[in-house]
Amino acid sequence: MTVTHIRQNMDHWPERVDLAAAFRWTARLDMHEGVANHFSLAVSDDGTKFLMNPNQVHFARIRASDLLLIDANDPDTLQGPDAPDPTAWGLHGGVHRACPHARCVMHVHSIHATVLACLEDSRLPPIDQNCCIFYNRIVIDEDYGGLAFEDEGDRCAALLKDPKHRVMVMGSHGVMVIGDTVADTFNRLYYFERAAETYIKALQTGRPLRRIPDDIAEKTAQELENYPDQDARHLAELKAILDAEGSDYAQ
């Protein structure tokens with residue numbers, strides 16, 4: 001039996017492959033933070049058991065078989081030899097315990113989202129179509145409390161109880177995006193960074209912004225939410241590129 005076949009017999013293999021691809025592409029887009037930041041994916045009905053990246057491994061090297069299987073209700077999780085990063089445990093464990101609808105959770109310090117998080121007013125106005133995706137769908141954390149150990153993770157999780165809020169701008173910190181699947185969440189993360197980049201660069205011109213009317217922004221957000229299979233096709237194309245390049249992400 002080959003090593004690849006053995007790995008493919010691991011639990012939750014398709015989910016592992018999707019998550020590994022998301023790590024690789026996030027690194028390629030330079031949206032990572034060295035060996036920090038974390039993605040997780042719930043694999044139990046209540047969301048408390050989840051896959052997550054191993055501690056201090058660069059996104060560009062993560063493989064499907066490397067992902068940790070974590071139990072958010074196990075107090076001994078941080079004691080094992082393969083213990084996750086304590087802030088990953090605090091933040092992602094808190095969200096998966098409190099928000100069963102958050103099946104996938106992606107947290108990064110990508111540059112444009114983080115610039116937005118550093119502004120006194122961290123709202124993202126609907127100035128273009130990408131910004132409209134997030135109209136009335138963002139919650140802003142105004143009370144940064146330091147590294148996301150367990151208490152801070154629980155506090156952040158409480159801000160995501162409303163299923164309509166799929167993005168949290170973490171003031172003075174970064175961004176957290178939640179979704180139903182890896183494809184759904186990564187697609188949202190990608191377009192949030194693009195939207196934030198457009199807004200930041202528009203501000204840099206110093207010229208007045210063209211703001212889309214609220215009713216059109218909401219209409220556009222709903223249309224994009226219902227756009228058929230765009231997120232799945234996005235991830236499938238990224239995996240096809242990685243496969244064509246001979247990447248080992250799916251090992």
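The single condition among (1) of a type outside the set (A, V, I, L, M); (2) within 22 Å of L242 (Cα to Cα); (3) surrounded by fewer than 21 Cβ atoms within 10 Å (Cβ to Cβ) that D71 does not satisfy is (2). Have a look at L91, L78 and point out the one that is under 27 Å from E197 (Cβ atoms) and assigned to a helix (DSSP H, G or I). L91 is the lone residue from the list that is under 27 Å from E197 (Cβ atoms) and assigned to a helix (DSSP H, G or I). When L116 is tested against the conditions (1) buried (at least 20 other Cβ atoms within 10 Å of the Cβ); (2) farther than 19 Å from R211 by Cβ; (3) modelled with pLDDT of 95 or more; (4) aliphatic (A, V, I, L, M), the lone failure is (2).
Tally the residues that are in contact with a His (Cβ under 9 Å, 6 or more places away or on another chain) and touching a residue at least 60 places away in the same chain (Cβ under 8 Å), restricting the search to region 193-219. Quick ask: steps written out before the conclusion?
Let us first name the residues in region 193-219 that are in contact with a His (Cβ under 9 Å, 6 or more places away or on another chain), namely 193-201.
With touching a residue at least 60 places away in the same chain (Cβ under 8 Å) added as a condition, the list becomes 193-200.
Adding up the residues that qualify gives 8.
Looking across region 222-251, just one residue is in a loop (DSSP other than H, G, I, E, B), under 29 Å from N136 (Cβ atoms) and among the charged types (D, E, K, R), and that is D229. Taking residues in region 43-62 that are free of Cβ contacts under 8 Å to residues at least 60 places away in the same chain and farther than 14 Å from W25 by Cβ, and partners anywhere that are part of a loop (DSSP other than H, G, I, E, B) and polar (S, T, N, Q), the pairs with Cβ atoms closer than 8 Å and at least 6 places apart or on different chains are T48/N73; F50/S44. Set side by side, the residues R194, R210 differ, and just one is surrounded by fewer than 21 Cβ atoms within 10 Å (Cβ to Cβ) and more than 16 Å from the chain's Cα centre (by Cα), which is R210. The set of residues in region 97-113 being at pLDDT 95 or above, assigned to a helix (DSSP H, G or I) and not small (G, A, S) consists of I111, H112.
The sole residue among G145, G153 that is modelled with pLDDT under 95 and surrounded by fewer than 17 Cβ atoms within 10 Å (Cβ to Cβ) is G145. Checked against the criterion of being more than 15 Å from the chain's Cα centre (by Cα) and surrounded by 16 or more Cβ atoms within 10 Å (Cβ to Cβ), the candidates C104, C99, C132 yield just one match: C132.
Of all the numbered requirements in (1) of a type in the set (S, T, N, Q); (2) farther than 29 Å from G94 by Cα; (3) crowded, with 16+ Cβ neighbours inside 10 Å, T205 misses one, and that requirement is (3).
State all residues of region 156-173 that are of a type outside the set (A, V, I, L, M, F, W, C), on the phi < 0 side of the Ramachandran plot and in contact (Cβ under 8 Å) with a residue 24 or more places away in the chain; if no residue qualifies, say none. First the steps, then the outcome.
Going through region 156-173, the residues of a type outside the set (A, V, I, L, M, F, W, C) turn out to be 161-166, 171-173.
Those still in the list that are on the phi < 0 side of the Ramachandran plot too: 161-166, 171, 173.
Residues satisfying the conditions are K161, P163, K164, H165, R166, G171, H173.
Test of understanding: among D229, D184, D243, D180, which residue is farther than 28 Å from G146 by Cβ and either loosely packed, with under 12 Cβ neighbours inside 10 Å or among the aliphatic types (A, V, I, L, M) (or both)?
Values: D184 fails: either loosely packed, with under 12 Cβ neighbours inside 10 Å or among the aliphatic types (A, V, I, L, M) (or both); D243 fails: either loosely packed, with under 12 Cβ neighbours inside 10 Å or among the aliphatic types (A, V, I, L, M) (or both); D180 fails: either loosely packed, with under 12 Cβ neighbours inside 10 Å or among the aliphatic types (A, V, I, L, M) (or both).
Unique residue meeting the criteria: D229.
Would you tally the residues in region 20-59 being aliphatic (A, V, I, L, M) and either farther than 22 Å from G94 by Cβ or in a loop (DSSP other than H, G, I, E, B) (or both)? Result for region 20-59: 8. Looking across region 127-160, the residues that are under 24 Å from D214 (Cβ atoms) and charged (D, E, K, R) come down to D128, R137, D141, E142.
For residues in region 1-58 being basic (K, R) and modelled with pLDDT of 95 or more, which is surrounded by the most Cβ atoms within 10 Å (Cβ to Cβ)? Give the derivation first.
Just the residues of region 1-58 that are basic (K, R), to begin with: 7, 16, 24, 28, 49.
From the residues that got through so far, the ones that are modelled with pLDDT of 95 or more too are 16, 24, 28, 49.
Details: R16: 26, R24: 24, R28: 14, K49: 18.
Filtering region 1-58 for residues that are basic (K, R) and modelled with pLDDT of 95 or more, the one surrounded by the most Cβ atoms within 10 Å (Cβ to Cβ) comes out as R16.
Annotation note: Cβ proximity below 6 Å between a residue of region 120-146 that is closer than 14 Å to A217 by Cα and a residue that is assigned to a loop (DSSP other than H, G, I, E, B) and among the β-branched types (V, I, T) (sequence gap 6+ or interchain) occurs for P126/I212.
The condition of being aliphatic (A, V, I, L, M), touching a Leu at 6+ places or on another chain (Cβ under 8 Å) and modelled with pLDDT under 95 holds for I70.
The values are calculated or read from the model by the stated rules, or taken from the named source; none is laboratory data. Keep in mind it's a predicted model, so treat the numbers as computed, not measured. Note that we place each Cβ from the backbone using ideal geometry, even for glycine, and neighbour counts take in every protein chain shown.
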